[in-house]
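Engineer: One structure, pasted below without further comment.
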Amino acid sequence: MKVLILGGTTESRALAAALDTVHGIETMTSLAGRVAEPMLPVGETRIGGFGGPDALAVWLRDNAIDVVVDATHPFASTIAAHAEQATRATSVALLVLTRPPWTAGEGDRWTSVASLPDAASAISPGSRVFLTTGRQGVHHFASVDHSWFLVRAIDPPTGAVPPHMTLQLSRGPFDVDHESMMLADNRIDLLITKNSGGDMTRAKLDAARAASIPVIVVDRPTRTGSAPTVFDVAAAVDWLTDR
């Protein structure tokens, strides 16, 4: 069975590693190529887009793919939609592997918004903002000139940026102690993040709760397809080996 993993996440790399020793399953992981130095998974890898759902469908046929596993970031809505369309057109099976979304707990001071522009509009003047939404969304905050931003990303933003900003280039995961120090050292009074989910990246939320710092959480886009969904690598391996 030939499996295409749409990757770029911790879960996609863990899935590729887990399937590497499974007899009868051959994998290829596809990365979008948006990070200059991506963390590569075990096994065969391709880097770059497919050129839309029709081109992806042709690629699936040409490479005799039996199953596509969409293990992309929960906010990668474009490739998720393309995978739905291409697998439907080719009758290739599709499995979604995604992280459970975060939910607010006792002591959290969360405000949920639908989009990055909504998050920008919700910033109170004079705020010191820790922005952890990724480099591609920073331009939505470029017009916010009344607050200061600490922007953390793996690679520098390529578009417009806020006029009062410090850029920190680093790659997680980070623990709660690190995040608590980050908040304190930069006198952060507002955290903005996407609801990416998972345990690997929630330390910043735990640190914000401990410091009683409010958080603006951008809700993840709603998936409209009917593909089966699993929330951990073990379940994805079971689903694939059952086939």
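Engineer: What's the total number of residues in the range 36-79 that are over 25 Å from Phe231 (Cα atoms) and of a type in the set (D, E, K, R)?
Structural biologist: Final tally of qualifying residues: 4.
Engineer: Looking at the range 195-239, which of its residues are basic (Lys, Arg) and either within 21 Å of Arg13 (Cα to Cα) or modelled with pLDDT of 95 or more (or both)?
Structural biologist: Scanning the range 195-239 gives Arg202, Lys204, Arg209.
Engineer: Within the range 202-219, which residues are open to solvent by 50 Å² or more (accessible area, probe 1.4 Å) and either within 14 Å of Thr98 (Cα to Cα) or in contact with an Asp or Glu (Cβ under 7 Å, 6 or more places away or on another chain) (or both)?
Structural biologist: Residue satisfying the conditions is Arg209 alone.
Engineer: Only residues that are open to solvent by 40 Å² or more (accessible area, probe 1.4 Å) and either assigned to a loop (DSSP other than H, G, I, E, B) or touching a residue at least 60 places away in the same chain (Cβ under 8 Å) (or both): list them for the range 82-96, please.
Structural biologist: Ser91 - this is the single residue of the range 82-96 that is open to solvent by 40 Å² or more (accessible area, probe 1.4 Å) and either assigned to a loop (DSSP other than H, G, I, E, B) or touching a residue at least 60 places away in the same chain (Cβ under 8 Å) (or both).
Engineer: Check the range 110-130 and report whether any residue there is in a loop (DSSP other than H, G, I, E, B), closer than 30 Å to Ala236 by Cβ and modelled with pLDDT under 95.
Structural biologist: No, the conditions are met nowhere in the range 110-130.
Engineer: Given the condition over 23 Å from Ala16 (Cβ atoms), in contact (Cβ under 8 Å) with a residue 60 or more places away in the chain and in contact with a Ser or Thr (Cβ under 8 Å, 6 or more places away or on another chain), answer yes or no: does some residue in the range 226-235 qualify?
Structural biologist: No: the range 226-235 contains no residue that is over 23 Å from Ala16 (Cβ atoms), in contact (Cβ under 8 Å) with a residue 60 or more places away in the chain and in contact with a Ser or Thr (Cβ under 8 Å, 6 or more places away or on another chain).
Engineer: Just checking, how many residues over the range 11-31 are more than 19 Å from Phe231 (Cβ to Cβ) and touching a strand residue (DSSP E or B) at 6+ places or on another chain (Cβ under 8 Å)?
Structural biologist: Of the residues in that region, 8 qualify.
Engineer: Out of the range 1-39, which residues are in contact (Cβ under 8 Å) with a residue 24 or more places away in the chain, under 22 Å from Ser77 (Cα atoms), open to solvent by 20 Å² or more (accessible area, probe 1.4 Å) and not acidic (Asp, Glu)?
Structural biologist: Gly8, Thr10, Arg13, Ala14, Met28, Ala32, Arg34, Val35, Ala36, Pro38, Met39
Engineer: When you check Arg46 against the structure, is it within 23 Å of Ile25 (Cβ to Cβ), modelled with pLDDT under 95 and among the basic types (Lys, Arg), yes or no? Break it down into steps so the answer makes sense when it comes.
Structural biologist: Values: within 23 Å of Ile25 (Cβ to Cβ): yes; modelled with pLDDT under 95: yes; among the basic types (Lys, Arg): yes.
Yes.
Engineer: Ok, one more. Scan the range 8-56 for residues that are farther than 18 Å from Thr87 by Cβ and part of a strand (DSSP E or B) and report the count.
Structural biologist: Qualifying residue count, the range 8-56: 4.
Engineer: Can you name every residue in the range 134-143 that is in contact with a helix residue (DSSP H, G or I) (Cβ under 8 Å, 6 or more places away or on another chain) and open to solvent by less than 10 Å² (accessible area, probe 1.4 Å)?
Structural biologist: Result: Gly137, Phe141.
Engineer: Kindly check whether there is at least one residue in the range 175-185 that is in contact with a helix residue (DSSP H, G or I) (Cβ under 9 Å, 6 or more places away or on another chain), open to solvent by 70 Å² or more (accessible area, probe 1.4 Å), of a type in the set (D, E, K, R) and closer than 17 Å to Pro100 by Cα.
Structural biologist: No, every residue in the range 175-185 fails to be in contact with a helix residue (DSSP H, G or I) (Cβ under 9 Å, 6 or more places away or on another chain), open to solvent by 70 Å² or more (accessible area, probe 1.4 Å), of a type in the set (D, E, K, R) and closer than 17 Å to Pro100 by Cα.
Engineer: Hey, any hits in the range 97-107 for a residue that's in a loop (DSSP other than H, G, I, E, B) and acidic (Asp, Glu)?
Structural biologist: Within the range 97-107 (the criterion being in a loop (DSSP other than H, G, I, E, B) and acidic (Asp, Glu)), the answer is yes, since at least one residue qualifies.
The values are calculated or read from the model by the stated rules, or taken from the named source; none is laboratory data. These numbers come from a predicted model, not from an experiment. Cβ sites come from the backbone with ideal geometry, for glycine too, and all protein chains shown count toward neighbours. Note: areas computed on protein heavy atoms with side chains; ligands, DNA, RNA excluded. Shrake-Rupley method; radii C 1.70, N 1.55, O 1.52, S 1.80 Å.
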